[in-house]
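Below is one structure, written out as structure tokens; comments come after it.
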Amino acid sequence: MNRKENKMRKDYLKKVIEYVRKEVKNSDLAHRFDHVECVAKIAKKISKREKVDLEVVLVSAYLHDIVSRKESRSKPHYVASAEKAKRILRKIGYDKDFIERVYDVIVEASYESWISGIRPKSKEAKVLHDADLLEAMGARGIARAFAYAGAYGSKELGKVNFNPESPPKNIAHESLVDPSPISHFASKLLRLRSMMLTRSGKKMAKEKHEFMVKFLKQYKKEMM
């Protein structure tokens, strides 16, 4: 089903947004409401060139980080968020089919899913996947990397001891956070451009990637 914006249940979506705004107040600084709001805006922008159910995309975007990483130690973060999304949507009044689609999109779109071998199947999941990764890139991505590292007890800012234009390929993807926010660029952020799945996502990722490379070069220069 290709549900356009004018056919969305905007009263339902408003309830989702209001719930998320309250729920993520205590999440780490990199995953509060401004993050999910930016992901939703990017997803909406990408959706303009994709034949997707926009309501599924937006609801999934707002709920994809509803469970914080510190809360989801017993199961993968994306699974915990998808399961909680189901409960929230049932209470609001969404139908079973819609809820199942949102569940699948949240699970398939996650970065953690990607590194575990799961790939987005639906177009909606591909849109959210790209939007979430794009929000981890560029200027906001840089800010969020340092905020995230601080929230999880990073002991240092780190050093750029790698080539930003060609980061080492033998650094494993981190399970939670790397020893420093700078090493986070080598293990994750500089790889995101190659993970884009939509045409719009690839175009947007190019500029954001180049900005991060420029930042790292300047950071390295100032450390000398």
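We did not get these values from a lab; they are worked out from the coordinates using the rules stated. Just so you know, these numbers come straight off a predicted model, no measurement behind them. Positions of Cβ are backbone-derived with ideal geometry, glycine not excepted, and every protein chain shown enters the neighbour counts.
Things worth noting here:
- Loop-located trypsin sites (Lys or Arg not before Pro) in region 1-99 (DSSP state other than H, G, I, E, B) with a sparse environment of at most 11 neighbouring Cβ atoms within 10 Å: LYS4, LYS48, LYS51, ARG73.
- Estimated FRET transfer efficiency (GLU210, SER74; beta-carbon r; R0 41 Å; 0.05): 0.55
- The ARG90 and GLU156 beta-carbon pair, evaluated with R₀ = 41 Å, returns a calculated FRET efficiency of approximately 0.40.
- Our helix-only sum for the chain, with -39,500 (n - 2.57) per DSSP H run of n ≥ 4 divided by its residues, gives a mean residue ellipticity at 222 nm of -18500 deg cm²/dmol.
- Farthest toward the positive end of the dipole of region 5-91, out of VAL36, LEU54, HIS77, is the Cα of LEU54, where the dipole comes from beta carbon charges about the Cα centre.
- Modelled FRET efficiency - R0 35 Å, GLU222 with LYS44, Cβ distances, 0.05 increments: 0.40
- Within the chain: Cβ-based charge dipole about Cα centre, in debye rounded to nearest 20 (Lys, Arg +1; Asp, Glu -1): 500 debye
- Cα-based helix-to-principal-axis angle, 96-109 vs the chain, degrees rounded to 10: 10 degrees
- The mean sequence distance of close C-alpha pairs (under 8 Å, at least 6 residues apart), as a share of the length of the chain, puts its relative contact order at 19 percent.
- A simple packing score, the average count of other Cβ atoms within 10 Å per residue, orders the peptides 211-221, 101-111 as 101-111, 211-221, with the highest score first.
- D (Stokes-Einstein, µm²/s), Kirkwood Cα radius, the chain, 1.306 mPa s at 10 °C: 89 µm²/s
- Modelled spin-label separation between SER116 and SER194, with each label point placed 7 Å from Cα along the Cα-to-Cβ direction: 2.3 nm.
- For peptides 154-165, 191-202, sequence by mean Cβ density within 10 Å, most packed first: 191-202, 154-165
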